[in-house]
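Okay, structure first, notes after.
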Amino acid sequence: RIALVKTAYNPLIYEVQDFAVALLSAKGEMLAQGASLPLFLACLPATIKNGLSKFGIEGFGPGDIIIANDPYTTGTHISDTAIYMPVFYEGKLQAFSANMAHWADIGGKVPGGWCPDSIDVFQEGMLFPHVKLYENNQENKALMEYILANTRFPELVKGDLGAQIAACRTGVNRYVALCDKYGPDTVRESMELIFDQSEKLVRRMVSDMPDGEWSTETCLDHDGVVKDKQRKIKVTVRIEGDEITVDFTGTDEIATGPINIPVIAARGSAEIAFKSATVPHEPANEGHTRPLKIISPPHTITNPSRPAPCDSYGYSVMVIIDLVTEALSHAIPDRCPANEYMLFGAYIYRTDSRFGKPFIAIDPIDGGGGALPFDDGADALIFHGDGDAPNMPVEVVENRYPVRIERYQLHTEEYGIGKFRGGLGTMRDYRILTDHVYIQVANELTKCHPHGLHGGHSGGINRVYVRPGTEQEQILIERVSLYGPFHNGELINARSAGGAGYGHPLERDPELVRWEVLNEILTPEKAREFYGVVIETDGNGDPVLNWEKTAACRDSRVA
């Protein structure tokens, strides 16, 4: 992981950390992973297993490096390219060193991926169906030349690919060092013991949960192509003894546009929710997910068939994580938060060299976490599918790109109220400092908002204001691509939403409400409207609680 961060060219990798690294067994079982994007980590075992299906154990040799990004064998979209390398010791295949990272550009219809309106996977970019980029330490020069000729930003892509290769080799060296110290049999047997221990731990936790079946669903705004039709994702969670099943039966058929999510990533999304609710602090390995079963009927959004488009799969990832968590909240309400804000991001780019040097800045924008059963949601966090990934620091944006960040602050509107409120989103102003710049906006759930739990209100909507305060001002809510051009001096304001609430708003501690008025998160008028809390001012102009009026106000609401 450190090797990848230290050698990557694109801030999307070395700052935003849009990648994952892992060591896997010779069978593709997860041994250990770096703290990175949890969805990528959940997809790497299937990636290796599909590589094994293609090459067979005998098809790998020392010094081989394989490249793969086919969504139907790696799980995510084409931009997320996997690089993996076999680990040999004393002539025998022992393990795999692997990573997956989002490339700055993979070709296809739009720069940087996340095409909102592709109608098949072939429009989305270069497909690598588990191909040897290196064989016996010899580079496949023709393949490398092909890659660099089919990306809009070859310098960035070549640099990041080199970083991925360096990370793979570092993983190989570390595993070989373990074998040198303990012997390959001891390393393998130790991991198998850990798998068994982890499985027993999780099965015991599931056994302690009540048996039952719970369903929930939501609808995506549209698929990007057929814009007058919402698309449903339905999740049913069943607990029976020491096993848990996530069933996607009832989800809509394959979408025309790219919101489809390969079944590998649908399972990975369910794994994220499951592990978060059971053993969030345990180092992940193969054993943790053995009690989890997945049912996803074919030819649906959560199990599409080739060549259905998948480039905007991430919206479905977020929905699945939240829906599985919501269903689990009926069994373990003390461990499951309300829905968080929807995935939101801005691409700012120029690809036409007539107007200056091409560039692309990809900025996942942090927003509000769902309220917890015991506390408010986290303010300004990144969405679950990206785990601990931060957004791009202001200093890096301004140093690398012709863009100035003029404001970065909490957004105190657009969140779900409740006994515990959703976390707050953010406001981020981008001043464009050059000409002929375009933007792409990622957004979802603007019609069916993120769900609150146990009386908590729904979360808010992400919005982008372009050229605010001018006659050309527009508010972008739905996802868009190739929007512009923008010119020197023009402003883009991105406002991410807050998460959904947990519990009834009239149960909120009045002192928390007073604190929010003091810190200008709420006005006294909103405090009364949202929570039935009456805030007045003292002689110094500071907010004070009127307990008697608050009690009367809340009593009248209940009546």
Matching residues, the range 478-509, being of a type in the set (A, V, I, L, M), out of contact with any Phe, Trp or Tyr (no Cβ under 6 Å at 6 or more places or on another chain) and at pLDDT below 95: Val480
Residues satisfying the stated conditions in the range 370-421, i.e. more than 23 Å from the chain's Cα centre (by Cα) and among the hydrophobic types (A, V, I, L, M, F, W, C): Phe374, Val403, Ile405, Ile417, Phe420
Filter result for Pro280 (farther than 30 Å from Met126 by Cβ and part of a loop (DSSP other than H, G, I, E, B)): yes
Every residue from the range 515-546 that is touching a residue at least 12 places away in the same chain (Cβ under 8 Å) and among the basic types (Lys, Arg): Arg528
Qualifying residue in the range 108-117 (condition: at pLDDT 95 or above and open to solvent by less than 10 Å² (accessible area, probe 1.4 Å)): no
Which numbered condition Gly501 misses (of (1) surrounded by 13 or more Cβ atoms within 10 Å (Cβ to Cβ); (2) in contact (Cβ under 8 Å) with a residue 60 or more places away in the chain; (3) more than 19 Å from Ala338 (Cα to Cα)): (3)
Residue match in the range 7-26 (condition: acidic (Asp, Glu), open to solvent by less than 30 Å² (accessible area, probe 1.4 Å) and under 18 Å from the mean Cα position of the chain (by Cα)): yes
Any hit, the range 284-294, residues being at pLDDT below 95, open to solvent by less than 30 Å² (accessible area, probe 1.4 Å), assigned to a loop (DSSP other than H, G, I, E, B) and of a type in the set (A, V, I, L, M, F, W, C): yes
Residue satisfying all of: in the range 156-175; surrounded by fewer than 18 Cβ atoms within 10 Å (Cβ to Cβ) and out of contact with any helix residue (DSSP H, G or I) (no Cβ under 9 Å at 6 or more places or on another chain); nearest to Asp64 (Cα to Cα) among these: Asn173
Single condition Asp64 does not satisfy, out of (1) surrounded by fewer than 20 Cβ atoms within 10 Å (Cβ to Cβ); (2) within 27 Å of the chain's Cα centre (by Cα); (3) in contact (Cβ under 8 Å) with a residue 40 or more places away in the chain; (4) within 18 Å of Val21 (Cα to Cα): (2)
Residue ID - farthest from Val517 (Cα to Cα), chosen from residues in the range 538-551 that are in a helix (DSSP H, G or I) and open to solvent by less than 60 Å² (accessible area, probe 1.4 Å): Ala551
The range 476-496, subset free of Cβ contacts under 8 Å to residues at least 60 places away in the same chain and assigned to a loop (DSSP other than H, G, I, E, B), residue nearest to His411 (Cα to Cα): Ile477
Listing of strands (runs of 3 or more DSSP E) fully contained in the range 425-475 that carry 1 or more residues being of a type in the set (D, E, K, R) and either surrounded by 24 or more Cβ atoms within 10 Å (Cβ to Cβ) or over 18 Å from the mean Cα position of the chain (by Cα) (or both): 425-432, 463-466
Residue under evaluation Gly345, criteria (1) in contact with a Gly (Cβ under 6 Å, 6 or more places away or on another chain); (2) at pLDDT below 95, criterion not met: (1)
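Okay, residues lined up against (1) touching an Asp or Glu at 6+ places or on another chain (Cβ under 9 Å); (2) farther than 20 Å from Ala371 by Cα; (3) basic (Lys, Arg):
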| site | (1), (2), (3) |
| --- | --- |
| Ser481 | yes, yes, no |
| Glu490 | no, yes, no |
| Ala500 | yes, no, no |
| Leu518 | yes, yes, no |
| Arg528 | no, yes, yes |
Selection count where residues are touching a Leu at 6+ places or on another chain (Cβ under 6 Å) and either within 27 Å of Glu444 (Cβ to Cβ) or without any contact (Cβ under 8 Å) to a residue 12 or more places away in the chain (or both), scope the range 504-514: 0
Residues (of a type in the set (A, V, I, L, M) and touching a strand residue (DSSP E or B) at 6+ places or on another chain (Cβ under 6 Å)) located in the range 332-342: Ala338
Boolean, Glu529 is among the acidic types (Asp, Glu), over 23 Å from Met392 (Cβ atoms) and either modelled with pLDDT of 95 or more or open to solvent by 40 Å² or more (accessible area, probe 1.4 Å) (or both): yes
Candidates Glu135, Glu145, filtered to the one that is open to solvent by 20 Å² or more (accessible area, probe 1.4 Å) and touching a residue at least 12 places away in the same chain (Cβ under 8 Å): Glu135
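The values are calculated or read from the model by the stated rules, or taken from the named source; none is laboratory data. Everything numeric here is computed off the predicted structure, so don't read it as measured data. Don't worry about glycine lacking a Cβ; one is built from the backbone with ideal geometry, like all the others, and counts go over all protein chains shown. SASA here: full protein model, heavy atoms, side chains in, ligands and nucleic acids out. Shrake-Rupley method; radii C 1.70, N 1.55, O 1.52, S 1.80 Å.
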